[in-house]
Amino acid sequence: MNERPKILVVYYTQTGQLKRIIDHVLAPLGGKADITFEQLVPVRPFPFPWGKQEFYDTMPETVQGTPRGIEPLKVDVNAHFDLVIMAYQPWFLSPSQPTAAFLQSEAAAGLLKDKPVITLLGCRNMWLNAQEKVKGYLQKAGAKLVGNIVLVDKSPNLVSLITVLRWAFKGKKEATRFLPQAGVQENEILTSDRFAAPIAAALENRQWDKLHQQLLNLQSVELLPNLVLLENNGISAFRFWARFISAKGGPGAPERQGRVTMYRSLLLVGIFVLTPVTLISSLIKLNLKRNELAREVEYYKGITLR
Ligand SMILES: Cc1cc2nc3c(=O)[nH]c(=O)nc-3n(C[C@H](O)[C@H](O)[C@H](O)COP(=O)(O)O)c2cc1C
């Protein structure tokens, strides 16, 4: 008897964008595989739309990897799966809190051990550090990362920043006279079903070694060099502010709100100044350190952990 392969999809989504991406990627596998969806549920929900203060107050624990807990999983942690798809979104250049809570859990240790895992991201455009963290969690769990697919908002960095914040704070995703729709472009989502064929072939042969290169050939990860530089600057600043804010108390503590407000004000100034500055410095570095930066881009497009 030829049993259908079993796929477990673990995900969290606030607006439903990530679930739509998952559904499009997996649509061609319908009828060919048994797919189990495990939606992560935080013990106390994160709001959407967000209050501004709560949004920024969520940064320290997200960056430090000390997330709010999640409800017990529905899936049997001893069940067998041929493939796990870890679908997630970055928050503050780190895996979103529900994702981190899952990856740190004992349930994940059981589900992921010796399993091939594909990571699937739907985000704005800054996901490199988050993916490094996820690679670390997967390695610790004894899982084997076999592919990565990243859908980003392809609008210019500052445009996507404005639209994602409008979306997060007001719940408004639609385009305006001056701004495009927030989030990953519709066409990127609709065409993400192209990734199903190599996944199906790898599942059938239980051969994972070539999968990531095949996905890359289908543009599963596209990466601009200046975003590598921008993100490296950003994460150092976030780590500093995370320590500075959390020194005054835990999530929501009144004692730390003054520092959250400081961070909130400086962050936007920082980004609007840093984006053009890193664009210029990346043009310079692109010329001076062309090879080094090209190696960085190649590394981040890959699935190894250094
Ligand atoms: C608190 C918060 C922080 C975010 N930080 C990032 C980030 O660092 N990089 C990025 O590319 N997108 C970031 N985003 C956008 C999300 O990755 C995601 O695309 C968006 O929230 C919609 O996802 P969802 O509806 O599937 O949850 C952030 C969103 C939220 C709510």
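The values are calculated or read from the model by the stated rules, or taken from the named source; none is laboratory data. Owing to the predicted nature of the structure, the values given are computational and were not obtained by experimental measurement. Ideal geometry is used to build each Cβ from the backbone, glycine not excepted, and the neighbour counts take in all protein chains shown.
Out of the residues in region 262-306 that are without any contact (Cβ under 8 Å) to a residue 24 or more places away in the chain and of a type in the set (D, E, K, R), state the one that is nearest to Leu215 (Cα to Cα). Only one residue fits best here, namely Glu298.
Within the set Phe102, Phe92, the sole residue that is assigned by TED's automatic domain parsing to the domain that holds Glu204, crowded, with 23+ Cβ neighbours inside 10 Å, within 16 Å of the ligand (Cβ to nearest atom) and farther than 24 Å from Ser192 by Cβ turns out to be Phe92. The single condition among (1) surrounded by fewer than 22 Cβ atoms within 10 Å (Cβ to Cβ); (2) without any contact (Cβ under 8 Å) to a residue 60 or more places away in the chain; (3) not in a helix (DSSP H, G or I) that Met126 does not satisfy is (2). For Ala130, the criteria (1) within 16 Å of the ligand (Cβ to nearest atom); (2) touching a Gly at 6+ places or on another chain (Cβ under 9 Å); (3) aliphatic (A, V, I, L, M) hold in every case but one, which is (2). Residues of region 1-40 that are away from the ligand (no atom under 12 Å from the Cβ) and aliphatic (A, V, I, L, M): Met1, Ile7, Leu8, Val9, Val10, Val25, Leu26, Ala27, Leu29, Ala33, Ile35.
Of all residues in region 48-64, those that are of a type in the set (D, E, K, R) have Cβ atoms under 9 Å from Cβ atoms of residues that are near the ligand (Cβ under 8 Å from one of its atoms) and assigned to a loop (DSSP other than H, G, I, E, B), 6 or more apart or on another chain, in Glu54/Phe46. Restricting attention to region 150-179, the residues that are touching a residue at least 12 places away in the same chain (Cβ under 8 Å), more than 14 Å from the ligand (Cβ to nearest atom) and either buried (at least 17 other Cβ atoms within 10 Å of the Cβ) or of a type in the set (Phe, Trp, Tyr) (or both) total 0. Taken over region 54-89, the criterion of being of a type in the set (Phe, Trp, Tyr), over 13 Å from Tyr11 (Cα atoms) and within 9 Å of the ligand (Cβ to nearest atom) is satisfied by Phe55, Tyr56.
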